[in-house]
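A.B. asks: Sharing a structure, written as structure tokens. Questions coming.
The values are calculated or read from the model by the stated rules, or taken from the named source; none is laboratory data. On a predicted model such as this, the values are computed, not experimentally measured, just so you know. Every residue, glycine as well, gets a Cβ built from its backbone with ideal geometry; the counts of neighbours run over all protein chains shown. Surface accessibility is based on the protein's heavy atoms, side chains included, excluding ligands, DNA and RNA. Shrake-Rupley method; radii C 1.70, N 1.55, O 1.52, S 1.80 Å.
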Amino acid sequence: MIAFVAQAFRVQGTRMEPLLLDGERIVVNKFIYRFQPIERGDVVVFWYPRDPSVSFIKRVVGLPGDLVEIRSGQLLGNGLPALETYLPAGFRDSDSYPPTEVRKGFYFVLGAHRRSSNDSRSWG
């Protein structure tokens with residue numbers, strides 16, 4: 001029964017530092033989203049779209065219907081600058097990503113190490 005309520009994962013890589021460290025073990029509450037929706041800012045674990053045997057940990061920055069854009073490293077949500085107080089300045093990059101509407105049933109996720117993160121900018 002525990003697999004339906006909570007599940008342990010091992011953090012692999014540095015893409016979510018300083019929040020989560022490489023090799024750290026976390027317990028994910030899988031039950032909470034039966035009672036409340038996923039929100040911007042939530043840190044989620046999901047199966048990598050290109051290899052479902054690999055789990056990824058990322059932060060949700062765009063919800064279904066949102067318009068997500070990155071201008072010279074600044075994340076914009078629905079045209080407004082996002083307050084990313086959790087993101088250390090040294091982890092930002094100066095990349096840009098064109099305005100993209102998040103499709104129904106999907107979320108836009110980013111890692112904390114923007115320079116090296118494999119996230120929605122790479123695979124949608």
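A.B. asks: In the chain, carbon and sulfur make up what percent of the accessible area (probe 1.4 Å)?
C.D. replies: Roughly 56 percent of what the probe reaches on the chain is carbon or sulfur.
A.B. asks: Remind me, relative contact order of the chain in percent, using alpha carbon pairs under 8 angstrom and six or more residues apart?
C.D. replies: Relative CO of the chain lands at 22 percent.
A.B. asks: Run the numbers for Leu76 and Ala89: contour at 0.36 nm per residue of separation, minus the present Cα-Cα distance, in nm.
C.D. replies: Result: 3.1 nm gained on full extension.
A.B. asks: Would you mind counting up the charge near Pro81? Only other residues with Cβ under 12 Å from its Cβ, with Lys and Arg at +1 and Asp and Glu at -1.
C.D. replies: -1
A.B. asks: Over the chain, give the accessible area per residue in Å² for a 1.4 Å probe, as an integer.
C.D. replies: Result: 63 Å² per residue.
A.B. asks: Keeping all protein chains in place and using 1.4 angstrom, which order do Tyr48, Tyr107 fall into by accessible surface area, from largest down?
C.D. replies: Highest to lowest solvent-accessible surface, that is Tyr107, Tyr48.
A.B. asks: Another question, then. Heavy atoms only, 1.4 Å probe, whole protein assembly: order Thr85, Thr100 by accessible area, highest first.
C.D. replies: Thr85, Thr100
A.B. asks: Would you work out which of Pro88, Gly111, Phe31 lies farthest towards the positive end of the dipole of the chain? Charges go on Cβ: Lys and Arg +1, Asp and Glu -1.
C.D. replies: Most positive-ward Cα: Phe31.
A.B. asks: Order Glu101, Glu24, Glu39, Glu69 by their accessible area, 1.4 angstrom probe, all chains in place, largest first.
C.D. replies: Solvent-accessible surface, decreasing: Glu101, Glu39, Glu24, Glu69.
A.B. asks: Sticking with this one: Please give the solvent-accessible surface of Phe106 in Å², to the nearest 10, using a probe radius of 1.4 Å with every protein chain present.
C.D. replies: 100
A.B. asks: Placing unit charges on C-beta atoms (Lys and Arg positive, Asp and Glu negative, everything else neutral), compute the dipole magnitude of the chain about its Cα centre in debye, rounded to 20.
C.D. replies: Roughly 220 debye, rounded to the nearest 20.
A.B. asks: Mind checking the dipole of segment 68-124: about its Cα centre, +1 per Lys or Arg Cβ, -1 per Asp or Glu Cβ, Debye to the nearest 20?
C.D. replies: Computed charge dipole of segment 68-124: roughly 60 debye.
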